[in-house]
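So the structure is just underneath, and the comments pick up after that.
A short reminder: the numbers here are calculations on the coordinates, not readings from a lab. Values in this document were obtained by computation on a predicted structure and should not be read as measured data. Cβ placement follows ideal geometry from the backbone for every residue including glycine, while neighbour counts extend to all protein chains displayed.
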Amino acid sequence: MAVSQRRGRRIMMTDEERDAYLADQRTCRVATVGADGRPHVGALWFCWDGTSLWLYSITRSLRWSQLSRDPKIAVVVDDGVEYGELRGIELSGDVVFVGEAPRTGEPCPELTVPERLFAAKYFGMERMPHDGRHAWARLTPDALTSWDFGKLGGPAGS
């Protein structure tokens, strides 16, 4: 699993808080790297299985093309408006593609759990609908950093 963070231990989420937060949040921002070294950031839906972040991306997207060339990725999931409400998680590492691309629903035991989680979270269904345009990328993070400014207590963390 990911290396634990050194700074900000006061505001770091516990494993249980992290898992609940990632189960509840719906959108992440995914950063990939282009051939010219420029970053590309885009929003994407995801699910978390307790160990890995599963990204369901359109295979004809710039994101997918960049990850096919270079699997390095950084992902941020965050929320909050006021200072004391700011919470989030940054995960980084290399993605691995899982299953056929694009995904048509061929049997793939490794996708059983993420497809069940994703279908329930986004579609309110028990089974994953497949559109023949998306496929799965799994990020088992090398590094994970979390923050919950609400743990600082008081207004604006004072």
Any chance the range 139-146 includes a residue that's of a type in the set (Asp, Glu), under 16 Å from Leu22 (Cβ atoms), under 17 Å from the mean Cα position of the chain (by Cα) and surrounded by fewer than 17 Cβ atoms within 10 Å (Cβ to Cβ)?
-> no
Applying the selection to the range 110-134, what residues are within 19 Å of the chain's Cα centre (by Cα) and among the charged types (D, E, K, R)?
-> Glu110, Glu115, Arg116, Lys121
Reported set for the range 111-128 where residues are in contact (Cβ under 8 Å) with a residue 24 or more places away in the chain and aliphatic (A, V, I, L, M) is Leu111, Val113, Leu117
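Results for (1) free of Cβ contacts under 8 Å to residues at least 60 places away in the same chain; (2) within 23 Å of Phe118 (Cβ to Cβ), shown as yes or no for each residue.
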{"position": "Arg26", "(1), (2)": "no, yes"}
{"position": "Val30", "(1), (2)": "yes, yes"}
{"position": "Trp54", "(1), (2)": "no, yes"}
{"position": "Thr59", "(1), (2)": "no, yes"}
{"position": "Pro71", "(1), (2)": "yes, yes"}
{"position": "Val76", "(1), (2)": "yes, yes"}
{"position": "Gly80", "(1), (2)": "no, no"}
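Residue-wise test of (1) within 21 Å of Arg18 (Cα to Cα); (2) small (Gly, Ala, Ser).
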residue: Cys47; (1), (2): yes, no
residue: Gly50; (1), (2): yes, yes
residue: Leu53; (1), (2): yes, no
residue: Trp64; (1), (2): no, no
residue: Val75; (1), (2): yes, no
residue: Val96; (1), (2): no, no
residue: Thr112; (1), (2): no, no
Taking Leu86 as meeting all but one of (1) buried (at least 20 other Cβ atoms within 10 Å of the Cβ); (2) under 20 Å from Ala43 (Cα atoms), write down the number of the exception.
-> (1)
Answer residue from the range 31-61, given it is of a type in the set (Gly, Ala, Ser) and over 19 Å from Ile89 (Cα atoms) and is surrounded by the most Cβ atoms within 10 Å (Cβ to Cβ) among those | Ser57
For the range 65-83, how many residues meet the condition of being under 11 Å from the mean Cα position of the chain (by Cα), hydrophobic (A, V, I, L, M, F, W, C) and buried (at least 16 other Cβ atoms within 10 Å of the Cβ)?
-> 4
